[in-house]
Amino acid sequence: MITFTPLAESDHSHFAQNLFEEAFPEQERPPFSSLRQRDAGQFRFLVAENGDEPVGILTYWTFPDLIYIEHFAIAEELRNQGLGKAAFLYFLSQQQEQVVLEVETPHNEESEHRVEFYASMGLFRNPQPYTQPPYRPGGQEVEMILMSKYELDDEEFAEIRDLLYLKVYGKTAV
């Protein structure tokens with residue numbers, strides 16, 4: 001059975017850092033060292049465990065009526081065994097509010113699979129254009145798709161985009 005343990009309480013912090021840095025390109029993640037500076041009232045870093053063994057990570061933000069999943073990954077050697085789906089569905093089932101996440105715009109088989117993975121669990125692929133602001137000064141923006149538990153109309157999309165830009169990236173929407 002998959003469980004989630006806060007990083008601060010986990011015996012697997014080295015695993016979590018390695019997976020965080022290996023699973024996401026530098027332009028799609030903040031420096032690991034900066035995560036401790038985030039608002040502990042809103043930001044969470046969880047280690048997914050199968051029994052006592054770490055299998056993945058999930059980072060998310062809590063806002064009024066919204067959960068934003070920032071990063072989710074299963075260790076590469078454990079993928080395609082159903083652990084990712086089990087972990088994600090378990091987390092999703094615990095959330096009553098809207099859940100959103102950014103996913104890389106499909107440009108190869110792996111990125112197409114990622115979008116299909118989230119869609120297979122009922123998330124909507126919102127059609128509005130979305131760009132992830134850079135995490136680092138001088139970094140590049142990344143074209144993404146915003147997927148959500150409940151489909152977003154243009155107004156809801158703009159509100160969520162503006163909230164993420166401000167709270168997660170420290171930017172104002174353009």
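Any chance you could check the Cα centroid distance between the range 149-174 and the range 4-40 for me, in angstrom?
When both Cα centres are located, 23 Å separates them.
On a full-extension model of 0.36 nm per residue, what is the gain between GLN96 and GLU53, subtracting their alpha-carbon distance, rounded to one decimal in nm?
Answer, rounded to one decimal: 12.7 nm.
Between the helical axis of 154-167 and the dominant principal axis of the chain, each derived from Cα atoms, what acute angle in degrees is found, rounded to the nearest 10?
Tilt of helix 154-167: around 60 degrees.
Once you list every other residue whose beta carbon is under 12 Å from the beta carbon of VAL115, what net charge do they have if Lys and Arg are +1 and Asp and Glu are -1?
So the surrounding residues net to -4.
Angle, helix 13-23 long axis vs. longest principal axis of the chain, Cα atoms, 0 to 90°, nearest 10?
50
With an 8 Å cut-off on Cα pairs and a minimum separation of 6 or more residues, tell me the relative contact order of the chain in percent.
18
Give the aspartates and glutamates reachable from LYS149 as a straight Cα distance under 20 Å; neighbours fewer than 8 places away on the same chain don't count.
Straight-line reach from LYS149, under 20 Å: ASP65, GLU70, GLU97, GLU102, GLU104, GLU112, GLU116, GLU159, ASP162.
Quick one: plug the Kirkwood hydrodynamic radius of the range 37-105 (C-alpha pairs) into Stokes-Einstein at 20 °C, 1.002 mPa s, and report D in µm²/s.
166
On a 0 to 90° scale, report how tilted helix 109-120 is relative to the longest principal axis of the chain, with both axes built from alpha carbons and the result rounded to the nearest 10.
90
Among the DSSP beta bridges whose two residues both lie in the chain, what percent are antiparallel, rounded to the nearest 5?
Roughly 90 percent of the DSSP beta bridges within the chain come out antiparallel.
Tally Lys and Arg at +1 and Asp and Glu at -1 over the other residues with C-beta under 12 Å from the C-beta of PHE20: what net charge comes out?
Summing Lys/Arg as +1 and Asp/Glu as -1 gives -4.
Dipole size in debye (nearest 20) for the chain around its Cα centre, Lys and Arg Cβ +1, Asp and Glu Cβ -1?
Using Cβ point charges on Lys, Arg, Asp and Glu, the chain gives about 360 debye.
Using the Karplus equation 6.51 cos²θ - 1.76 cosθ + 1.60 (θ = phi - 60°), what ³J(HN,Hα) coupling, rounded to whole Hz, does each residue of the range 78-90 give in order, writing x for Gly and Pro?
So the J values, rounded to whole Hz, are 10, 6, 6, 10, x, 5, x, 4, 4, 5, 5, 5, 4.
Coordinate-derived values only; no laboratory data. For clarity, every value in this text was computed on a predicted model and none was experimentally measured. Note: ideal-geometry Cβ built from the backbone for every residue, glycine included; neighbour counts use all protein chains shown.
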